[in-house]
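Chemist: The structure that follows is given in the form of structure tokens.
Laboratory data are not the source of any read-out in this text; all were calculated from the coordinates shown. No experiment lies behind these values; they were computed from the predicted model shown. Positions of Cβ are backbone-derived with ideal geometry, glycine not excepted, and every protein chain shown enters the neighbour counts.
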Protein chains: 2
Amino acid sequence: MAYKSSASLATSVENDRSEWLDRIHKGHCVARMEALPENSVDVIFADPPYNLQLAGDLTRPDQSKVDAVDDAWDQFESFQAYDAFTRAWLLAARRVLKPNGTIWVIGSYHNIFRVGAAMQDLGFWILNDVVWRKTNPMPNFRGRRFQNAHETMIWASRDQNAKAYTFNYDSMKAANDDIQMRSDWLFPICSGGERLKDADGRKAHPTQKPEALLARVLLSSTKPGDVVLDPFFGTGTTGAVAKRLGRHYVGIEREDEYIEVAEARIAAVEPLEAHSVRAAVSKRAERRVPFVSLVEAGLVQPGAELTDSQRRWTARVRADGTIAIGDDAASIHRIGARVQGLDTCNGWTFWHVRTGEALTSIDDLRRTIRDSLGAVEA
Amino acid sequence: MAYKSSASLATSVENDRSEWLDRIHKGHCVARMEALPENSVDVIFADPPYNLQLAGDLTRPDQSKVDAVDDAWDQFESFQAYDAFTRAWLLAARRVLKPNGTIWVIGSYHNIFRVGAAMQDLGFWILNDVVWRKTNPMPNFRGRRFQNAHETMIWASRDQNAKAYTFNYDSMKAANDDIQMRSDWLFPICSGGERLKDADGRKAHPTQKPEALLARVLLSSTKPGDVVLDPFFGTGTTGAVAKRLGRHYVGIEREDEYIEVAEARIAAVEPLEAHSVRAAVSKRAERRVPFVSLVEAGLVQPGAELTDSQRRWTARVRADGTIAIGDDAASIHRIGARVQGLDTCNGWTFWHVRTGEALTSIDDLRRTIRDSLGAVEA
DNA sequence: ATACTAATTGAATCACCTC
DNA sequence: CGAGGTGATTCAATTAGTA
């Protein structure tokens with residue numbers, strides 16, 4: 001154990017938890033983690049650079065420029081350089097983790113596959129991958145891909161054989177209307193009053209995470225009094241939520257600017273009373289069911305005819321969930337509007353399918369789907 | 001091209017698509033893909049095995065077998081073997097893919113991170129990761145983890161610079177009630193009548209995917225008549241959906257048992273009519289109509305005034321199809337950009353003509369021209 | 001103050017054709 | 001093959017501005 005035989009500072013931090021607990025440590029994550037005592041941390045939450053590799057500028061349809069994450073800390077020369085960085089901090093993280101500790105790492109498709117593979121290579125044992133579905137993600141402005149509407153978190157134990165890690169199954173289930181908590185979570189992105197701003201009103205950090213996300217992470221996998229380490233502390237969301245929930249935090253951050261914001265933020269946090277440290281689960285969103293789901297579910301066949309309640313117009317259903325009159329194909333709403341010469345139309349109530357002599361509104365068919373979805377957040 | 005100089009079978013399959021198209025090829029996926037002509041496939045859908053204990057599927061680079069064992073070192077060994085297997089089939093897949101082709105790979109947290117990292121290492125360029133959220137996933141019986149309620153698909157182009165891959169943005173958006181399709185999709189798992197059973201009533205394949213999932217994959221990223229390859233064909237979901245949607249399929253499968261089921265299944269599929277399976281037309285694909293055509297058609301008179309929707313600026317139409325403010329004449333786009341102080345502007349949507357008190361966008365006039373052209377051509 | 005409308009913004013790997 | 005012109009493209013929330 002390199003640590004025990006090293007400098008007096010290291011010995012002192014090991015002997016006196018107050019010297020390194022509930023504090024932000026300035027410096028590089030690897031060096032600072034190496035200075036912490038091994039087997040000392042219950043949970044790690046890590047939000048490492050995503051290595052976005054953005055090329056040119058991107059403008060919205062109104063020609064305004066998208067504020068890209070172009071900070072120096074997100075730039076790597078190559079995948080190899082990113083992998084080396086990833087392995088280095090994961091190794092240092094594993095050393096400070098208790099044998100029954102767990103680690104969360106969040107990322108996007110740009111980096112999460114490399115991170116996940118490195119975690120497996122280093123001996124971490126993946127317990128779940130958890131998808132953060134954003135209620136309000138940024139659109140895809142050029143229409144060249146699917147809207148990138150989620151990020152991925154990997155939750156892993158230190159070792160394959162660690163069986164005594166903390167998972168508060170019952171509180172997760174209770175918080176989720178007595179249905180076990182799924183691996184896909186729905187939260188808004190961090191904005192509004194929660195989003196930290198600098199003196200000029202600009203966002204203090206480009207990638208601040210919502211507190212609700214961190215709260216569910218900590219409520220699911222830590223106990224009150226546990227030690228939570230965040231090696232990419234930023235503006236301190238992990239620390240703020242940990243303090244509020246009665247957990248200890250350890251933050252590591254390189255940028256003075258972020259540290260300053262985080263210190264003030266955490267100082268203002270009032271810990272909840274012990275008995276009220278419970279899950280705050282967002283209310284279930286209303287289920288939106290797109291028309292294509294009716295086709296996919298077989299409730300409406302491709303090629304079937306839709307008609308309005310007066311049987312004045314008919315349109316034909318296509319496999320991709322559009323409907324067509326002749327070669328004019330678009331959504332149920334657009335076609336409904338077009339035949340009536342209107343700007344808008346609620347296709348759900350306008351269009352019907354024939355069932356024998358009678359007509360059934362496709363809105364009624366949608367109800368069938370909604371009922372079958374049951375507890376799943378749409 | 002190694003292929004062209006190889007055996008006569010290979011030459012014949014290259015020369016005659018009917019010898020390898022809409023067929024199931026029995027054998028190992030790598031060997032069978034190597035026997036297909038390069039640059040011949042539009043889209044690949046791959047559902048590779050991810051049971052790390054499946055020794056039979058895993059071979060070292062030298063093709064020697066790996067013993068599946070479960071202590072830590074051998075776990076590492078089997079990761080190595082799994083990576084070698086993954087790289088081998090991905091390389092073979094990349095060779096048969098057209099330059100603007102795309103590939104879908106589905107997996108769970110057991111394997112998807114290794115697969116994704118390998119794809120990036122081999123030069124594939126990730127376009128999206130798409131989450132399949134299951135409406136009815138298997139519960140976590142021991143209550144030691146979150147319910148594993150999703151799987152992950154990676155969608156990638158063959159090369160970083162491939163910009164002309166197929167993505168039916170407008171189809172996806174129209175099918176989703178005119179909101180762009182997100183990266184998280186909600187579908188039930190494959191069960192009930194869709195789930196194929198053997199003579200004893202047991203499921204014919206352990207990981208049969210729902211047809212609705214494949215339908216959205218193919219409707220989003222292929223055109224009618226495209227060639228879809230599935231190197232882990234199983235019971236042929238990809239083939240059945242491809243045939244139904246008017247796409248060609250190529251299946252590769254090792255097990256006779258699965259091939260038999262798949263053949264019968266696909267034979268029973270009735271293709272939808274052509275008009276039901278076309279993608280919604282995108283504006284990008286529409287015939288280009290230059291502004292001067294509106295002048296030539298008499299829809300806009302030389303000397304007429306154009307104005308923006310707020311009536312802030314006006315420009316005068318000239319007989320040559322340019323527009324002018326004072327002596328400053330240029331295209332509808334250049335002048336639109338100039339008055340707004342922007343780099344670019346879509347003059348079609350920016351400029352309007354006065355019709356009495358109201359304004360009509362010149363884009364609407366263009367539609368008139370396009371409609372009349374369509375009548376001539378169609 | 002209140003209600004409505006307009007503007008802003010968020011981890012983004014975001015054209016294509018012709019000359 | 002590179003330069004330059006044409007022209008396609010956004011969802012949910014918050015915040016600012018206006019009546």
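Chemist: What FRET efficiency comes out for B:ALA199 versus A:THR59 if R0 is 60 angstrom and r is the Cβ-Cβ distance? Round to the nearest 0.05.
Modeler: Once the sixth-power term is evaluated, E becomes 0.50.
Chemist: To continue, here is another question. Between the label point of A:GLY225 and that of the same position in each other copy, find the distances and list them shortest first in nm, with every label point placed 7 Å from Cα along the Cα-to-C-beta direction.
Modeler: Result for A:GLY225, in nm, nearest copy first: 7.2.
Chemist: Would you please give the residues with an amide H less than 5 Å from that of B:ASN128, counting only those at least 5 places away or on a separate chain, with H modeled from the backbone geometry?
Modeler: B:TRP155
Chemist: Okay, next question. Going 7 Å from Cα along the Cα-Cβ axis for the label, what nanometre distances separate B:THR360 from the same residue across the other copies?
Modeler: For B:THR360, the other copies' label points sit at 4.4 nm, shortest first.
Chemist: Which ³J(HN,Hα) values, rounded to whole Hz and listed in residue order, are derived for the range A:176-192 from phi using the Karplus coefficients 6.51, -1.76 and 1.60 in 6.51 cos²θ - 1.76 cosθ + 1.60 with θ = phi - 60°, glycine and proline given as x?
Modeler: 9, 6, 6, 10, 4, 5, 8, 8, 10, 10, 10, 9, x, 5, 7, 8, x
Chemist: Using a Gaussian network model of chain B whose springs link C-alpha atoms within less than 10 Å, name the residue from B:GLU286, B:GLU19, B:GLU260 with the highest mean-square fluctuation.
Modeler: B:GLU286
Chemist: Okay, next question. Report the net charge of residues surrounding B:LEU365, where surrounding means a beta-carbon distance below 13 angstrom and charges are Lys +1, Arg +1, Asp -1, Glu -1.
Modeler: Charge balance in the 13 Å sphere: 0.
Chemist: For the pairs A:LYS197/B:LYS173; A:LYS197/A:LYS223; B:LYS134/B:LYS173, note any where the Cα-Cα span goes beyond 27 Å.
Modeler: Pairs exceeding the cut-off: A:LYS197/B:LYS173; A:LYS197/A:LYS223.
Chemist: Near A:LYS163, which aspartates and glutamates are there with a Cα under 15 Å away, not counting those fewer than 8 places off in the same chain?
Modeler: Once the sequence-local aspartates and glutamates are set aside, what remains near A:LYS163 is A:ASP42.
Chemist: Got a sec? How would B:LYS209, A:LYS26, B:LYS197 order by Cβ neighbour count within 10 Å, fewest to most?
Modeler: The order, fewest Cβ neighbours first, is B:LYS197, A:LYS26, B:LYS209.
Chemist: A follow-up question, please. Give, in nm to one decimal, the length gained when the segment between B:VAL281 and B:GLU305 is fully stretched (0.36 nm per residue of separation minus the Cα-Cα distance).
Modeler: Extra length from B:VAL281 to B:GLU305 when fully extended: 5.5 nm.
Chemist: Hey, another quick one. Take chain B, connect every pair of alpha-carbon atoms lying under 10 Å apart with a spring to form a Gaussian network, then pick out the residue of B:VAL289, B:VAL277, B:VAL261 with the largest mean-square fluctuation.
Modeler: Answer for the Gaussian network model of chain B: B:VAL289.
Chemist: For chain B, give the share of DSSP beta bridges that are antiparallel, in percent and rounded to the nearest 5; count only bridges with both residues there.
Modeler: 60 percent
Chemist: How far is B:ARG316 from the same spot in each other copy, in nm, shortest first, if each label point sits 7 Å from Cα toward Cβ?
Modeler: Result for B:ARG316, in nm, nearest copy first: 5.1.
Chemist: On a full-extension model of 0.36 nm per residue, what is the gain between B:GLU257 and B:ARG318, subtracting their alpha-carbon distance, rounded to one decimal in nm?
Modeler: 14.8 nm
Chemist: When Lys and Arg each count +1 and Asp and Glu each count -1, what net charge do the other residues less than 13 Å away from B:ALA156, Cβ to Cβ, add up to?
Modeler: Here the charged neighbours net out to 0.
Chemist: Further question: Rounding to the nearest 10 and keeping the result within 0 to 90°, find how far the Cα-based axis of helix A:362-373 lies from the longest principal axis of chain A.
Modeler: Tilt of helix A:362-373: around 30 degrees.
Chemist: Hey, another quick one. Mind giving me the nanometre distance, one decimal, between the label points for B:MET138 and B:ASN100, set 7 Å out from Cα along Cα→Cβ?
Modeler: 4.2 nm
Chemist: What number, rounded to the nearest 500 deg cm²/dmol, is the helix-based mean residue ellipticity at 222 nm of chain A, given -39500 (n - 2.57) per DSSP H run of at least four residues and division by all its residues?
Modeler: -8500 deg cm²/dmol
Chemist: Could you tell me how many degrees, from 0 to 90 and to the nearest 10, lie between the Cα long axis of helix A:112-121 and the main elongation axis, the longest principal axis, of the Cα atoms of chain A?
Modeler: Relative to chain A, helix A:112-121 is tipped by roughly 50 degrees.
Chemist: Taking the Cβ of A:VAL130 as the center, what net charge do the other residues with Cβ under 11 Å away carry, scoring Lys and Arg +1 and Asp and Glu -1?
Modeler: +1
Chemist: Please find, in a Gaussian network model of chain B (springs between Cα atoms separated by less than 10 Å), the residue of B:ALA268, B:ALA92, B:ALA212 whose mean-square fluctuation is greatest.
Modeler: It is B:ALA268.
Chemist: Label B:ALA164 and B:ILE325 with points 7 Å out from Cα along Cα→Cβ: what is the distance between them in nm?
Modeler: Inter-label distance under the simple model: 3.7 nm.
Chemist: Here's something else I'd like to know. Tell me the relative contact order for chain B as a rounded percent, counting alpha carbon contacts under 8 Å between residues six or more apart.
Modeler: Computed over chain B, the figure is 14 percent.
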